[in-house]
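Just below is one structure, and these are the notes that go with it.
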Amino acid sequence: ELVALSTRDQIRAIRELPMSFGEKKHIRSGFESQAVKDDKLPFQCHSADRVNHYTLQRVIKQNSTVQRLEVIGKFGTSVLSYFVFLKWLLMFNIFSFLINFGFITIPLLVYDPLPNIPPNVSFRGLEILTGVGYFNYTVMYYGGYSNETLVGQVDYNMQLAYFFTIAVYMVLCGIALIFSMASSFKTNHVLADPASESAWQLLCSWDFSVTNEKAVRQRKNNLCVQLKESLSEKAQRKRLTLSEKLGHFGVYLGSWLLSTCLILATDAANWSLLQEAKTLLVPFVVSLMNLVVPLFYSLFNKFEHYSSHRRLIYALVVRNVFLKVSILAVLCYYWMNVVAETFCWESMVGQALYRLVVVDFLFLMLGSFFGEFLSNVIGTRLLPRIGVPEFDVARNVLELIYAQTLAWLGIYFAPLLPAIQIVKFFILFYLKKVSLTQNCQPPQRTGRAAQMQTIFIALLFFPFFVGALSIVAYVSWSLTPSEHCGPFRGLNNSFSVVGVWIHHLEDIPGSQWAIWIYQNIIKSEIFYFIVTLIILMIIYVFWQVTQGRKELIVLLKQQIVNEGKDKSYLLDKLQNLQTSQPNKTNKLMNQKKV
């Protein structure tokens, strides 16, 4: 519709869209750039095919924008941040799959297109769930890759390709996460003033993208509740007596002790199960723990008396993070110390991670059905007092972070595991969207979507990405690879492939610079010590700049207050002058009128 309008009507229509200023500016710049391109094209280029192709692109963009506005208009930007985060993780996995498939899998398939599968092994379909059998002899897992140099038009060292592909991918992921987290943190947290939270809620917290009438009424009521909570928080602290404070502290302490005991009991049960469990029992029980234990945490929160809803959410998130990190820590400890002693242990770890990814996806679908669809049916037909379930953004995001951590852990043991993640996140995106629009209501208390996105990325980076990177680094530097399978067979550790490559470079003229870099920089502890010092100095400089900006903001605010006092003083003097000499003032006013 906007394409057929004139430029003035397009600007007017874009202004009326229920979108943020940045999105409107992006749409307007797109129209202007396209108009410039159309003016530069010769008349003959405006054929019917070009116009149809251009119209098709406009329709696709418009449909995606309409779908996005549909979610925003009914549920707000806080719920939209979940889908933006999910799409962001999907892009991460597509990038990972393209790198691994392009630099590791395709060269091996070109050299040896037919996998060495025994005659008695065939694909039966159950491998999709278990990950064993037929998949064990393919390029799905670590054991399916060769340690040879592929001879052809160009020699291709599979050991170097496997090691450097995974190393470069993990480094790029870390850089992307750091830059995303720093950019979001700088925009939404660095210059934030805690004292202005109530003013922000009153003046800036309304989501103008919400167009649904019921959602508007609900958000209006939610804003009133949030303002009451914010205004009464300090007064509530002052009204509490010493005995009440001690009682609340006892409840907090008991809740955290129970949460810690639940985590320890979960880890103990997980460890005992790993010792004697069969193929699918471990991922089933682990996924069940991730589903059931957070329900107990939500029950604990009902007995705690936090002064603000924000602290309640933080407590719930921290407990869930501790739970998932502890479960992954027990699994990694078992794989690195028990499974590492078996035959072709890397492929066995890859199979275990594959089953965890698949079963976790099944539990996510079952959670959407039982947790949202059945709750909607019960709340609307059987027990109307319960009401329609809310879309819990924090819980759903933690599930995504857990799923992505499994993919990062499996990047070394199952290079094609990101392909499973792509299918999983793609289906999950549309499944959650349908479940959201059909079964859920907007959250009763919502946070700022931009700051929620910052917290999501921060949690994804630490402790989950840092933990996965530490496990991959430990496997590469400390554990001995399998002797009969995989690209690193016969080496003391995976990192030794770099030393072997440097040794071969000694016979090649003109490669002394690479040998010098390896021996004097990469193997030098002083180099890493200097790099660490430089990073710490940069962090300190940025921290000082941030502190200086905060102090400048405080001074500017004080200057505004002083100027307001000066104006108030001058107005008082003027009023006193008018009251003390009314006749003189009236004469002056009449003279000015004449």
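The values are calculated or read from the model by the stated rules, or taken from the named source; none is laboratory data. Treat the numbers as computed from the prediction; the structure is a model and nothing was measured. When we count neighbours, we look across all protein chains shown, and the Cβ atoms used for this are built from the backbone with ideal geometry, even at glycine. What goes into the accessible areas is simple: the full protein's heavy atoms, side chains included, and nothing from ligands, DNA or RNA. Shrake-Rupley method; radii C 1.70, N 1.55, O 1.52, S 1.80 Å.
Observations, loosely collected:
- The label-point distance for His305 and Trp543, in a model that sets each label 7 Å from Cα toward Cβ, rounds to 3.8 nm.
- Per-residue surface analysis assigns Cys332 an accessible area of about 10 Å², computed on protein heavy atoms at 1.4 Å probe radius.
- Percent RCO, i.e. relative contact order, over region 361-420, from Cα pairs under 8 Å lying at least 6 residues apart: 16 percent
- Gyration tensor verdict on region 458-528 (Cα atoms; rounded if a/c is under 1.5, prolate if a/b is larger than b/c, oblate otherwise): oblate
- The label point for Ala458 and the one for Met365, both projected 7 Å from the Cα toward the Cβ, are 3.6 nm apart.
- The largest accessible area among Val154, Val139 belongs to the first residue in Val154, Val139, and the rest follow in falling order (1.4 Å probe, all chains).
- Rounded to whole Å, sorted largest first: equivalent-ellipsoid semi-axes of region 318-462, Cα gyration tensor: 33, 17, 14
- When each of the peptides 338-346, 526-534, 357-365 is scored by how many other beta carbons lie within 10 Å of its residues on average, the order from highest to lowest is 357-365, 338-346, 526-534.
- Positive contributions from Lys and Arg (+1) and negative ones from Asp and Glu (-1), summed over other residues with Cβ under 15 Å from the Cβ of Ala414, come out at -1.
- Added length on full extension, which subtracts the Cα-Cα distance from 0.36 nm per residue, Ile117 to Thr380: 89.3 nm
- In a fully extended conformation the segment linking Arg12 and Ser183 would gain 58.3 nm over its present Cα-Cα distance, using 0.36 nm per residue.
- In order through region 115-120: 3J(HN,Hα) via Karplus (6.51 cos²θ - 1.76 cosθ + 1.60), integer Hz, x for Gly, Pro: x, 7, 9, x, x, 7
- Two-site FRET efficiency, Ile522 against Val388, from Cβ-Cβ distance with R₀ of 51 Å, rounded to 0.05: 0.30
- Enclosing the Cα atoms of region 270-391 in their convex hull gives a volume equal to 130 cubic angstrom per residue.
- Region 268-364: relative contact order in percent, alpha carbon pairs under 8 Å with at least 6 residues between: 43 percent
- With Cα atoms defining each centre, region 259-301 and region 371-442 are spaced 19 Å apart in the structure.
- The calculated Kirkwood hydrodynamic radius for region 453-594 is 23.4 Å, given to one decimal from all distinct C-alpha pairs.
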